[in-house]
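Take a look at the structure set out below.
The values are calculated or read from the model by the stated rules, or taken from the named source; none is laboratory data. None of the values given here were measured: they were computed from a predicted structure. Using ideal geometry, Cβ is built from the backbone for each residue, glycine included, and neighbour counts are taken over all protein chains shown. Accessible surface is based on the protein model in full, side chains and every heavy atom, while ligands, DNA and RNA are left aside. Shrake-Rupley method; radii C 1.70, N 1.55, O 1.52, S 1.80 Å.
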Amino acid sequence: YGRFNVAPGGKLDGIVITSHGVPTLRSFVVSPSYHPKPPVEITPENEQTVEESTEAEDSVELALEDSIKVRGWTVGPTAPPADLSALSWIDTLASYKHQCVTLGWLTNGPAHEKEESDDRADEGIVERLDRRLDKAKDALAKSDSVKAKLELELFAKEVDQLYHKNEEEGEHRGVPSLTSEGYALLKYNAEYLIDRLPDRHGRGDEGEHRGKK
């Protein structure tokens, strides 16, 4: 495809996709341009005498073409749900986080900042992100969307800090890393839910706030 041809071992940067949809996982297949040359060149003079390839030969050729394809996962847009369930969306975020680890998009390591009044000195960034989502889900179960939003905002902040710290310092052993795919998948889906949660305290908290006025 003209300027989009990529030589073996090469790469192509600068391709941008814009969408109003939210990021999700997408599988991809890259098929190299491969056209095997027939063992005998067919010409008008010999086309009647050249034997057609056998089924076994065709099968070997198809297997070869399939073996040189590259398969993997990337991030692409998808339509947001018609009816948003905040609790289900947090489960989706937790699943995305897990898949980021599995795909190598998120590498665990010590959390870059220790929280105040936090005795989890050995907590890793993956555990920290899990805890944020657990707290947000627990708050939603108690109808406290204000606290849920706070935890999700902290989740998004952790993701943002981790990604930009990677860009500044590069990948080093022992330093948690986050790829651009993992960053898009986690941050933008968290922000999507944050923007749609109402500012509502749980019943107990609401009464407490009224008493303080």
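Summary table below
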quantity	calculated
Criterion (touching a residue at least 24 places away in the same chain (Cβ under 8 Å), assigned to a helix (DSSP H, G or I) and surrounded by 10 or more Cβ atoms within 10 Å (Cβ to Cβ)) met by exactly one of 93, 62	93
Pair list, Cβ under 8 Å, 6 or more apart: segment 33-44 residue over 19 Å from residue 59 (Cα atoms), other residue open to solvent by less than 100 Å² (accessible area, probe 1.4 Å) and at pLDDT below 75	42/50
Residues satisfying the stated conditions in segment 75-90, i.e. surrounded by 11 or more Cβ atoms within 10 Å (Cβ to Cβ) and either part of a strand (DSSP E or B) or in contact (Cβ under 8 Å) with a residue 40 or more places away in the chain (or both)	75, 76, 77, 78, 80, 84, 86, 87, 89, 90
Residues of segment 164-213 classified as at pLDDT below 85 and under 20 Å from residue 95 (Cα atoms), total	1
Count of segment 11-25 residues which are out of contact with any Pro (no Cβ under 9 Å at 6 or more places or on another chain) and touching a residue at least 24 places away in the same chain (Cβ under 8 Å)	1
